[in-house]
Amino acid sequence: MKSSLLKVATLVCVLSALAACTATPTQKTAGEQIDDSVLTGKVKAALIADEATKARQIDVETFRGTVQLNGFVDSADAKAAATRVASSVEGVKKVDNNLNVGGTARSAGEAIDDGVVTTKVKAALVADTQVKAHEVNVETREGVVQLSGFVDSNEAKSKAAEVAGRVAGVKEVHNDIQVKKL
């Protein structure tokens, strides 16, 4: 009897461990999470090392080898250089360059205003029960909000844009969020 219970308990533990390591269409296994984190780090390091890119202007997100470049850069050349650099990193399967070119210099006050808008948008996303705020990145430049990241569905993508668009100070929303692919 004890032997049978022990076998069943062992089987349950093994199956639970396997289930925890199995990917769903929209969630990564622990190994995939680590691989994507390493890839994100390699892309960021490559952007820092390249003289044509200002890495501080570029947010990098990765989902199953697809690298997303987000944010606002100074020129079309900087945008192209970021794609070139990210594409050259071993392990990158695809690069989606969502960088917006916004080369105007901003005063300290304008930068603070954009920071306030970003904070308000993030808070609104957190407050909305239909949005997984941790999956959505928010960048703001001159009142233009860029949403990026990877979400589970088209509904989640649309809802995030709707929530961001209702925030005071938002002039426009660029919805560069991608739906996780199967």
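A few points about this structure:
- Being of a type in the set (K, R), within 20 Å of V43 (Cα to Cα) and more than 14 Å from the chain's Cα centre (by Cα) holds for only one residue in K120, K93, and it is K93.
Residue-by-condition table, conditions (1) in contact (Cβ under 8 Å) with a residue 60 or more places away in the chain; (2) hydrophobic (A, V, I, L, M, F, W, C); (3) over 24 Å from I48 (Cα atoms); (4) assigned by TED's automatic domain parsing to the domain that holds D50:
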position: V73; (1), (2), (3), (4): no, yes, no, yes
position: G115; (1), (2), (3), (4): no, no, no, no
position: A124; (1), (2), (3), (4): no, yes, yes, no
position: E155; (1), (2), (3), (4): no, no, yes, no
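- Yes/no for V145 being surrounded by 18 or more Cβ atoms within 10 Å (Cβ to Cβ) and either outside the structural domain of G65 (by TED's automatic domain parsing) or aliphatic (A, V, I, L, M) (or both): yes
- From the list A124, A81, the one residue that fits, being at pLDDT 95 or above, touching a helix residue (DSSP H, G or I) at 6+ places or on another chain (Cβ under 6 Å), small (G, A, S) and not in a strand (DSSP E or B), is A124.
Here's the yes/no breakdown for (1) in contact with a Gly (Cβ under 7 Å, 6 or more places away or on another chain); (2) surrounded by 15 or more Cβ atoms within 10 Å (Cβ to Cβ); (3) farther than 14 Å from D176 by Cβ:
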residue: V43; (1), (2), (3): no, yes, yes
residue: L47; (1), (2), (3): no, yes, yes
residue: E51; (1), (2), (3): no, no, yes
residue: T66; (1), (2), (3): no, yes, no
residue: G71; (1), (2), (3): no, yes, no
residue: S75; (1), (2), (3): yes, no, yes
residue: A80; (1), (2), (3): no, yes, yes
residue: A86; (1), (2), (3): no, yes, yes
residue: V92; (1), (2), (3): yes, yes, yes
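- Unique match (being of a type in the set (D, E), surrounded by 13 or more Cβ atoms within 10 Å (Cβ to Cβ) and free of Cβ contacts under 8 Å to residues at least 12 places away in the same chain) among E110, E135, E139, E162: E162
- Residue that is nearest to the chain's Cα centre (by Cα) [pool: residues in region 139-182 that are more than 13 Å from N100 (Cβ to Cβ) and assigned to a strand (DSSP E or B)]: G149
- Test: T83 is farther than 28 Å from G41 by Cβ, among the hydroxyl-bearing types (S, T, Y) and over 14 Å from the mean Cα position of the chain (by Cα): no
The values are calculated or read from the model by the stated rules, or taken from the named source; none is laboratory data. All values reported here derive from a predicted model rather than from experimental measurement. We place every Cβ from the backbone using ideal geometry, glycine too, and count neighbours over all the protein chains shown.
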